[in-house]
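Engineer: Could you have a look at this structure, given as structure tokens, before my questions?
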Amino acid sequence: MSAKVITLEGFGVELKRIENDLGAATLRGLRVAAEGLRTEVIHQMAEVKPYQPMNTGALRRGWEVVHHTDGASVQNLVPYASHMEFGTKPHWAPIGALRKWADMKLRGKGTPRRGTRKREDAVESLARRAQRSIARHGTKGRFFWRAALEKLSSIVEESIDREFRRVR
């Protein structure tokens, strides 16, 4: 271990250098923490029971970290992200979107091949049943974002601590 000698005249300069180094380390730590939160929310999405909020993968791929001059933010601009997080009240869901969902859900489930009348009937039936269920009960929230936010303080603490240890 080496010692560093600081004179009274150099103390102010050294203090300013430390302040700048710690400020930069804090910023790096916050940005790393934002990436960690993004990873955690994706992990929490995979842990949702009984139904994971994944069909096409767009919601999972939609999480992004945006860097700002004073830190970073995590966002998801997929239009239905808040509906998946918080759920919805009963409403009449658009049948077109439900048909696409039903078609995806029926793939490889022993249903007739695409383009056949039986297949179209099966897709239509599932979509209509889902539409009636949403009209009666709404949809349940998955709360993957809330679960990830519960871990935010430890993610931030670990990230900033790691960056502070790098400051000399």
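Residues checked against (1) under 30 Å from Arg136 (Cβ atoms); (2) among the hydroxyl-bearing types (Ser, Thr, Tyr); (3) surrounded by 17 or more Cβ atoms within 10 Å (Cβ to Cβ):
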site: Gly12; (1), (2), (3): no, no, no
site: Asn20; (1), (2), (3): no, no, no
site: Tyr80; (1), (2), (3): yes, yes, no
site: Gly87; (1), (2), (3): yes, no, no
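Engineer: Also, quick follow-up: I need a count of the residues in the stretch 1-31 that are of a type in the set (Asp, Glu) and at pLDDT below 80.
Structural biologist: Our first condition is that a residue be of a type in the set (Asp, Glu); within the stretch 1-31, this holds for 9, 14, 19, 21.
Among the residues that remain, those that are also at pLDDT below 80 are: 9.
Going through the stretch 1-31 one residue at a time, the tally reaches 1.
Engineer: With respect to Gln52, determine if the residue is over 30 Å from Asn20 (Cα atoms), outside the structural domain of Val156 (by TED's automatic domain parsing), in contact with a helix residue (DSSP H, G or I) (Cβ under 7 Å, 6 or more places away or on another chain) and among the polar types (S, T, N, Q).
Structural biologist: So Gln52 does not fit the description; no.
Engineer: Among the residues of the stretch 122-164, write down those that are in contact with a helix residue (DSSP H, G or I) (Cβ under 9 Å, 6 or more places away or on another chain) and more than 26 Å from Tyr80 (Cα to Cα).
Structural biologist: Ile155, Val156, Glu157, Glu158, Ser159, Ile160, Asp161, Arg162, Glu163, Phe164
Engineer: Being under 12 Å from Phe144 (Cα atoms) and of a type in the set (S, T, N, Q) is the filter here, so list the residues in the stretch 27-82 that pass it.
Structural biologist: Thr39, Gln44, Gln52, Ser82, listed by residue number.
This table checks each residue for (1) surrounded by fewer than 14 Cβ atoms within 10 Å (Cβ to Cβ); (2) on the phi > 0 side of the Ramachandran plot; (3) modelled with pLDDT of 95 or more.
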| position | (1), (2), (3) |
| --- | --- |
| Arg129 | yes, no, yes |
| Ile134 | no, no, yes |
| Thr139 | no, no, no |
| Lys151 | no, no, yes |
| Ile160 | no, no, no |
| Arg168 | yes, no, no |
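Engineer: Report, ordered by the first and then the second residue, all pairs with beta carbons closer than 7 Å, sequence separation of six or more or different chains, a first member in the stretch 143-164 that is over 20 Å from Glu47 (Cα atoms), and a second member that is among the charged types (D, E, K, R) and part of a helix (DSSP H, G or I).
Structural biologist: Taking only residues 6 or more apart or on different chains, the pairs are Glu163/Arg28.
The values are calculated or read from the model by the stated rules, or taken from the named source; none is laboratory data. Computed from a prediction, not measured in an experiment: that's the story for all the values here. Cβ sites come from the backbone with ideal geometry, for glycine too, and all protein chains shown count toward neighbours.
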